Amino acid sequence: MQQCGIFHETYQEDMAVFQTPFVKTGMALLFVFLLIFPWIAKPLNAALRTNTLYLMNLIGIYIIGAHGLNILTGFTGQISLGHGAFMGVGAYSSAILTVKLGIPFWFSLPLAGLITALVGMVFGIPSLRLKGLYLAIATMAAQFIIEYGMRNWTGLTGGSTGMVVSSPSLFGFAIDSDRSYYYLIYTIVIGATIYTKNLTRTRPGRAFVAIRDRYLAAEVIGVNVWLYRILSFGVSSFMVGIAGSLWAHYVLVVNDEAFGIWLSVQYLAMIIIGGMGHVLGAIYGAIFMTLLPILLRIPEHALTQVYPGIFAIFQSLTEGVFGLIIILFLIFEPDGLAARWHTIKNYWKLWPFSY
Amino acid sequence: MNEIWFLLQLIIQGLAIGSVYGLVALGFVLIYKASSVINFAQGELLMVGAYVCLALLTTFNVPFWAGFLLTLAFSVVLALTIERFVLRPMIGEPVISIIMITIGLSLVLKSFVSSIWGVQIKVFPAIFPQAPIKAGQIVVSQVYIYTFLASMVFLVVFALFFKYSRLGIAMRAAANSNQVALSMGISVKRVFAVSWCVAAVVSAVGGILIGNINGVNITLSAVGLKVFPAVILGGLDSVAGAVLGGLIIGILENLSGGYLDHFFGGGVKEVAPFVILVIILMIKPYGLFGTEEIERV
């Protein structure tokens, strides 16, 4: 049962991330669920006829990237249309570091994050002088320039054929199955989530939010707006770079086609649908955007049986449905799934005496 | 001597394509000035226009002038629908939401086109005479020259429209300040709608012109992205700047394609405008004619 009120007696209690026994139990249950999921996955696979573990891994990778974008867009209010390409930078730098320089995965993973952070910060420099829409255009240009580099710098990236990457291994134990990679990804997902949650409670986090809400006022009270904007770009790109590196060593082939502007739009859609500026928002959004194409396949299958010609049309409609969902969310639920969940929760908290 | 002819040829082709960019950029700037909406779906409006015209000409065998007018009418209806049902609920929302909603819109339009017409490239029936013209050593397809002339005609028509027509003046007033325009009895809602209509119409014209040169397929919407360098160069809120920016970007893009492709292994044309864009943003973010925003605390 839920408590009817929260009464804190110390500052430590007041500052705690998980405040009530109810939430703590919920988190513990979630943790246990994540721990045993690979064993649940097998019967689930048979029932749903998809590789659920693979989907979970994809969701995990997207959660890390979406947390990154959420820090930049949700917390600092800087829009980025280049995060798809930044993820590509992470993937390619990890691939190049491991394949061409022979650096082990455990070093190339953070290094890929750092390189991406650097690239992100360079393209974040215009944010010193540019506001919302100018920045959107600048990052969109970054997207195209990086994409071009990935495709045409053949000597470094292998051009359009891409690069073949190997799986990581830990103490001689190869992390090459869906299951072992699952644990690797979710260790990082949990770390990234805790980091993001904590970031909002620190000095830089508060500076980010101040800049988002009113950057002139933030400047007046002594926040170094430029520094924190660049920092936000750095942290954000670092996380998306990590996601890219994880993606590269999971899919094992790095190709420029995966990191087009479409991915950037998907990332933005994730945090908008999930809820900008909510840590949970990135998670909901990543789950939603990964499962949506799978869910769309159900009516597609059903209809293809009746009208075989409809398949091609459905192929192109998927993107349109994404677009439509973005539009509908922005018009009817601009705060995203996280806010909707909050409303539902509050409603049931007082039910049936909600007056 | 050869090099100079090559240069001239690149410049002429660039001017033709650039004039179309200028035309589309005009629509973009109009929407931005009137309602502060950055329209990421401009390229898709262009693509839809090109496809509708193509379908009218080839599937329904309509003569060109009728097909052209019907396309413009269709664009107006499309623009009014978009403005009323997608953009109007968003008035007063943060920039990020508005940018995202136009991106969503572009996805919807793109999938609408590809589900009806597929993704294969389609050849436009020739509207202008195709035979190449030779002047000295320059060989330029006539299409480029007609394209340039056609976009210039449209630009002049719209310049006159803004300068002298009642509606045009109302639009300029609303662009200057929505509030003052409202208090003068101008319906700002109507101005928003009209600016979307004009944007859709110029985009459709641009789509038909470009489609005539390169053929029509789904990547035509990429032209809409080239508009960004043009408007940033010209200044985001300057109509004249947008047109000039379009011309300059068209020429620079063609020159970089002609001279730098050897060094970077092709495709420089696609990325050069964006490199220029980043450089402009770094050194002169408000472009050639844009109003600089000065903030005082």
*Mind sorting A:Glu300, B:Glu44, A:Glu147 by how few other Cβ atoms lie within 10 Å of their own Cβ, fewest first?*
A:Glu300, A:Glu147, B:Glu44
*asked:* If the reach is capped at under 20 angstrom between alpha carbons, list the aspartates and glutamates near B:Lys122, excluding any in the same chain fewer than eight residues apart.
replied: B:Glu44
*Enter the mean number of other protein chain beta carbons within 10 Å of the beta carbon of each residue in A:148-155, as an integer.*
3
*Please identify every one of the trypsin sites (Lys or Arg not before Pro) in region A:140-243 that sits in a loop by DSSP and has no more than 13 other beta carbons within 10 Å of its own beta carbon.*
A:Arg201, A:Arg214
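Order these by the 10 Å Cβ neighbour count, fewest first: B:Val76, A:Val164, B:Val52, B:Val29.
A:Val164, B:Val76, B:Val52, B:Val29
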*All-pairs alpha carbon distance profile, chain A, 20 Å steps from 0, percent*: 27, 58, 15, 0
*At what distance in angstrom do the alpha carbon centres of region A:232-301 and region B:233-287 lie from each other?*
30 Å
*Kindly express, to the nearest 10 degrees and within the range 0 to 90, the angle between helix B:42-58's C-alpha long axis and the longest C-alpha principal axis of chain B.*
60 degrees
*Who wins for biggest fluctuation among A:Tyr228, A:Tyr182, A:Tyr307 in a Gaussian network model of chain A, springs between alpha carbons below 10 Å?*
A:Tyr307
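Tell me, rounded to the nearest percent, the portion of alpha carbon pairs in region B:2-283 spaced more than 29 Å apart.
Working: 12737 of 39621 pairs.
Summing the P(r) of region B:2-283 above 29 Å gives 32 percent of all pairs.
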*Quick one, can you get me the convex hull of the C-alpha atoms of region A:50-259 expressed as volume per residue in Å³?*
117 Å³
_Taking R0 as 45 Å, what FRET efficiency do you get between B:Met152 and B:Met184 from their Cβ-Cβ distance, rounded to the nearest 0.05?_
0.85
*Among the GluC sites (Glu not before Pro) in region B:255-297, which ones are in a DSSP loop with at most 14 other Cβ atoms within 10 Å of the Cβ? Mind listing them?*
B:Glu292, B:Glu293, B:Glu295
*What does the convex hull of the alpha-carbon atoms of the protein assembly as shown project to on average, in nm²?*
35.1 nm²
*Highest GNM mean-square fluctuation, chain A, Cα pairs closer than 10 Å: which of A:Ile125, A:Ile59, A:Ile221?*
A:Ile221
*Please check which bits of region B:1-22 a label hung off B:Asn214 would reach, taking the label as a point 7 Å along Cα-to-C-beta and the cut-off as backbone N under 17 Å.*
B:10-22
*When chain B is treated as a GNM, springs tying every alpha-carbon pair under 10 Å, which of B:Gly235, B:Gly257, B:Gly49 comes out with the largest mean-square fluctuation?*
B:Gly257
_Square roots of 5 times each gyration tensor eigenvalue, C-alpha, region A:68-186, largest first, Å_ = 29, 18, 11
*Dipole of the protein assembly as shown, positive direction: furthest Cα of B:Leu236, A:Thr98, A:Trp39, with charges on the beta-carbon*: B:Leu236
*q = 0.29 Å⁻¹: log10 I(q)/I(0) that the Debye formula gives for region B:182-229, counting C-alpha atoms only*: -1.06
*Within region B:39-86, list the chymotrypsin sites (Phe, Trp or Tyr not before Pro) lying in a DSSP loop whose Cβ has at most 10 other Cβ atoms in a 10 Å radius.*
B:Phe60
*Evaluate E = 1/(1 + (r/R0)^6) for B:Glu293 and A:Ile190, where r is the Cβ-Cβ distance and R0 equals 56 Å; express this FRET efficiency to the nearest 0.05.*
0.85
*Per the helix-only calculation at 222 nm, which mean residue ellipticity applies to chain A, given -39500 (n - 2.57) for every DSSP H run of n ≥ 4 and division by its residues, nearest 500 deg cm²/dmol?*
-24500 deg cm²/dmol
*asked:* To make sure I understand, if each residue's beta carbon is the centre and we count other beta carbons within 10 Å, what order do B:Val194, B:Val20, A:Val17 fall in, fewest to most?
replied: A:Val17, B:Val194, B:Val20
*Whole-Hz ³J(HN,Hα) from phi, Karplus 6.51 cos²θ - 1.76 cosθ + 1.60, for region A:43-57, glycine and proline x*: x, 4, 4, 5, 6, 9, 6, 9, 8, 5, 5, 4, 4, 4, 5
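Values in this text are rule-based calculations from the coordinates and carry no lab data. Only a predicted model underlies this, so the values are computations on that prediction, with no experimental measurement involved. Glycine gets a Cβ as well: all are built from the backbone with ideal geometry, and neighbour counts include every protein chain shown.
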